[in-house]
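Participant: Before we start, here is the structure in question, set down as structure tokens.
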Amino acid sequence: MSAGGLTLNSGTHDPITLEPKAMEINIGNRVWCAMNVTIIAGVTIGHDVVIGAGSVVVKDIPNGCIVAGVPAKKIRDIDRTNIDLYNPFDT
């Protein structure tokens, strides 16, 4: 899930030959990207991750953490064991 302005840049090039090439971006489950996040080619983002607004992700992000900044760095871990999930259909 993401807010507006998410940029996924899956293209890059060889720095010597300038030959263009595509690289995968892998995004896990339950990932939230805040506004104006940029994710660079070749990155893998784990499950249960929050990426702060305006962040630029240039390296892999492990499961269960909050990252932010340029470049994005880990701020803290997320402990899902103490999260009460809201269910609007729960009666």
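Bear in mind these aren't lab numbers, they're just calculated from the coordinates by the rules spelled out. Quick caveat, the model's predicted, so the values are computed rather than measured. Because the Cβ atoms are built from the backbone with ideal geometry, glycine has one as well, and the counts that use them run over all protein chains shown.
Participant: Evaluate the relative contact order of the chain (contact order divided by residue number), counting alpha-carbon pairs under 8 angstrom at least 6 apart; express in whole percent. Don't skip to the answer; put the middle values down first.
Facilitator: Details: 215 pairs, mean separation 18.3, N = 91.
This gives 20 percent for the chain.
Participant: Further, regarding this structure: Under a GNM of the chain (C-alpha, springs under 10 Å), which listed residue has the highest mean-square fluctuation: I51, I39, I78?
Facilitator: Its mean-square fluctuation being the largest, the pick is I78.
Participant: How long is the gain from D79 to A41 if the chain were fully straight, where each residue apart is worth 0.36 nm and the alpha carbon distance is subtracted? Kindly include the intermediate steps, with their values, before the conclusion.
Facilitator: Working: separation 38, 0.36 × 38 = 13.68 nm, distance 2.82 nm.
Taking 0.36 nm per residue and subtracting the Cα distance, the gain is 10.9 nm.
Participant: Note down the net charge around G52, summing +1 for each Lys or Arg and -1 for each Asp or Glu among other residues with Cβ under 13 Å from its Cβ. Can you show the working numbers first?
Facilitator: Working: positive: K73, K74, R76; negative: none.
With Lys, Arg at +1 and Asp, Glu at -1, the net is +3.
Participant: In debye, nearest 20: dipole of the chain around its Cα centre with unit charges on the Cβ of K, R (+) and D, E (-)?
Facilitator: In debye, rounded to 20, the chain gives about 200.
Participant: Send over the per residue convex hull volume for the chain, Cα only, as a whole number of Å³.
Facilitator: In the chain, the Cα hull volume divided by residue count equals 103 Å³.
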